[in-house]
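Engineer: Input: one structure, supplied below.
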Amino acid sequence: MRIFHPLSLEEAVAIREHEKDSCYLSGGTAVLSLSGGVEASAVVDISALVDSSISRDGKHIAIGGGATLEAIASGPVPAFIREAARYCASLQLRSQATIGGNIALRRFDSFLIPSLYAASAVLTVVTDDGRKDIAIEEYVRDRGSISIIERVTIEEAEGESRRIGRASHSHAAIIAARSGSRYCYEASGSGVAFGDRDSWKDIDFRDDLTGSAEYKRYIASVIFEEAR
Ligand SMILES: Cc1cc2nc3c(=O)[nH]c(=O)nc-3n(C[C@H](O)[C@H](O)[C@H](O)COP(=O)(O)OP(=O)(O)OC[C@H]3O[C@@H](n4cnc5c(N)ncnc54)[C@H](O)[C@@H]3O)c2cc1C
């Protein structure tokens, strides 16, 4: 495997444009894991370039793309987002895993994506054409994007995050979150749905080791039952 050490985020994006079979290296918990699901012949190390701070100005919260889940779990962010960061049950993993990497992996059991969607998170991304702000769902849907998540911006908000799995350290069957009328549902091995309370109906539920399609469909249908 080849490793590149760019001097800026713009240079990092430019390298990835030319290195088609490459990925970024941030916390490295997926890229350097034997079972991380990221396969690449070259990595572009952005770990020293992406801001890892979390700052708050009134209700306005800015989370650097390099902030770890452990920093978020105890940071000045809404309580339901702190709780979602703790879904990563291992302290070692939490202390290394970053919010940028977590979103970029677009996993159907992502720790943070449902809560960040519920919080109307806006991502500042570095593209081959400069910086821009986009809604988190736009980034998640564009699976081919090589943009770098530089910052995640949210406002203080009420909300809830829920996770259903056999144990805190086993794979989640369902992770869901809501804030106001914004809901997001993830079903292991199946998909992610954004929208209103019934948006779980958009998921094509599948059987996997976390449970049957029918089980997951049922959990999703009642997980926010009291919100009716
Ligand atoms: C045992 C184990 C269990 C895990 N379980 C879960 C789980 O249940 N749910 C879950 O969500 N994750 C899980 N993960 C994956 C991972 O730990 C987290 O998703 C983590 O937040 C990834 O962040 P990272 O900084 O380590 O990413 P890295 O490993 O550095 O990178 C992962 C991917 O994200 C991209 N990337 C990294 N940073 C950025 C950025 N700033 N902008 C754009 N792209 C970027 C890279 O190109 C790469 O493709 C697990 C990992 C392990 C080892």
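The values are calculated or read from the model by the stated rules, or taken from the named source; none is laboratory data. Treat the numbers as computed from the prediction; the structure is a model and nothing was measured. Because the Cβ atoms are built from the backbone with ideal geometry, glycine has one as well, and the counts that use them run over all protein chains shown. Surface areas here come from the heavy atoms of the whole protein model, side chains and all, with no ligands, DNA or RNA. Shrake-Rupley method; radii C 1.70, N 1.55, O 1.52, S 1.80 Å.
Engineer: With a 1.4 Å probe and all protein chains left in place, how much of the accessible area of segment 36-98 comes from carbon and sulfur atoms, in whole percent? Write down the numbers at each step before the final one.
Structural biologist: On the way: 1310 of 2770 Å².
That fraction is 47 percent.
Engineer: Multiply the residue separation of Y218 and D196 by 0.36 nm, subtract the distance between their alpha-carbon atoms, and state the gained length in nm to one decimal. Provide the component values of the computation, followed by the final result.
Structural biologist: Working: separation 22, 0.36 × 22 = 7.92 nm, distance 1.68 nm.
Length gained between Y218 and D196: 6.2 nm.
Engineer: Work out, in µm²/s and without decimals, the Stokes-Einstein translational diffusion coefficient of segment 160-227 at 4 °C, 1.567 mPa s, Rh from Kirkwood over C-alpha pairs. Kindly include the intermediate steps, with their values, before the conclusion.
Structural biologist: Details: Rh = 11.7 Å.
For these conditions, the coefficient is 110 µm²/s.
Engineer: Just how large is the dipole of the chain about the Cα centre, in debye to the nearest 20, putting +1 at every Lys and Arg Cβ and -1 at every Asp and Glu Cβ? Present the calculation step by step, with values, prior to reporting the outcome.
Structural biologist: Working: 26 positive and 33 negative charges, 116 e Å.
Dipole magnitude for the chain comes out near 560 debye.
Engineer: Per residue, how much accessible area does the chain have with a 1.4 Å probe, in Å²? Spell out each step's value before the answer.
Structural biologist: Numbers: 10830 Å² over 228 residues.
Counting only protein heavy atoms, the per-residue value for the chain is 47 Å².
Engineer: Less than 26 Å apart at the alpha-carbon level, and either on another chain or at least 8 residues along: which lysines does that give for K201?
Structural biologist: Correct list for K201: K216.
Engineer: Can you give the FRET efficiency to the nearest 0.05 for D21 and I134, using r as the Cβ-Cβ distance and R₀ = 25 Å?
Structural biologist: On the way: r = 25 Å, r/R0 = 1.00.
Result of the calculation: an efficiency of 0.50.
Engineer: List the residues whose amide H sits under 5 Å from the amide H of E150, counting only those 5 or more places along or on another chain, with H placed 1.01 Å from N in the peptide plane.
Structural biologist: T124, V125, V126
Engineer: Taking the Cα centre of segment 160-227 as origin, sum charge times position over the Cβ atoms of Lys and Arg (+1) and Asp and Glu (-1), and report the length of that vector in debye to the nearest 20. If you can, show how the numbers build up before the last one.
Structural biologist: On the way: 10 positive and 11 negative charges, 35 e Å.
That gives a dipole near 160 debye.
Engineer: Let me see the pair-distance distribution of segment 1-160: every alpha carbon pair, 5 Å bin width, integer percents in order.
Structural biologist: 2, 9, 19, 24, 21, 14, 7, 2, 0
Engineer: Here's something else I'd like to know. Using the alpha-carbon centroid of each, what span in Å lies between segment 80-101 and segment 139-218?
Structural biologist: Using only Cα atoms, the two centres lie 16 Å from each other.
Engineer: Relative to the Cα centre, what is the charge dipole magnitude of segment 109-165, using +1 at the beta carbon of each Lys and Arg, -1 at the beta carbon of each Asp and Glu, and rounding to the nearest 20 debye? Spell out each step's value before the answer.
Structural biologist: Values: 7 positive and 12 negative charges, 40 e Å.
Dipole size: approximately 200 debye.
Engineer: Just the Cα atoms of segment 1-90, one point each, no solvent: what log10 I(q)/I(0) does Debye give at q = 0.16, 0.19 Å⁻¹?
Structural biologist: -0.76, -0.93
Engineer: Calculate one ³J(HN,Hα) per residue across segment 81-94 by plugging θ = phi - 60° into the Karplus curve 6.51 cos²θ - 1.76 cosθ + 1.60, and present them in order as whole Hz with x for glycine and proline.
Structural biologist: 7, 4, 5, 4, 5, 6, 4, 6, 6, 8, 4, 4, 5, 4
Engineer: Could you tell me how many degrees, from 0 to 90 and to the nearest 10, lie between the Cα long axis of helix 213-222 and the main elongation axis, the longest principal axis, of the Cα atoms of the chain?
Structural biologist: The two axes meet at around 80 degrees.
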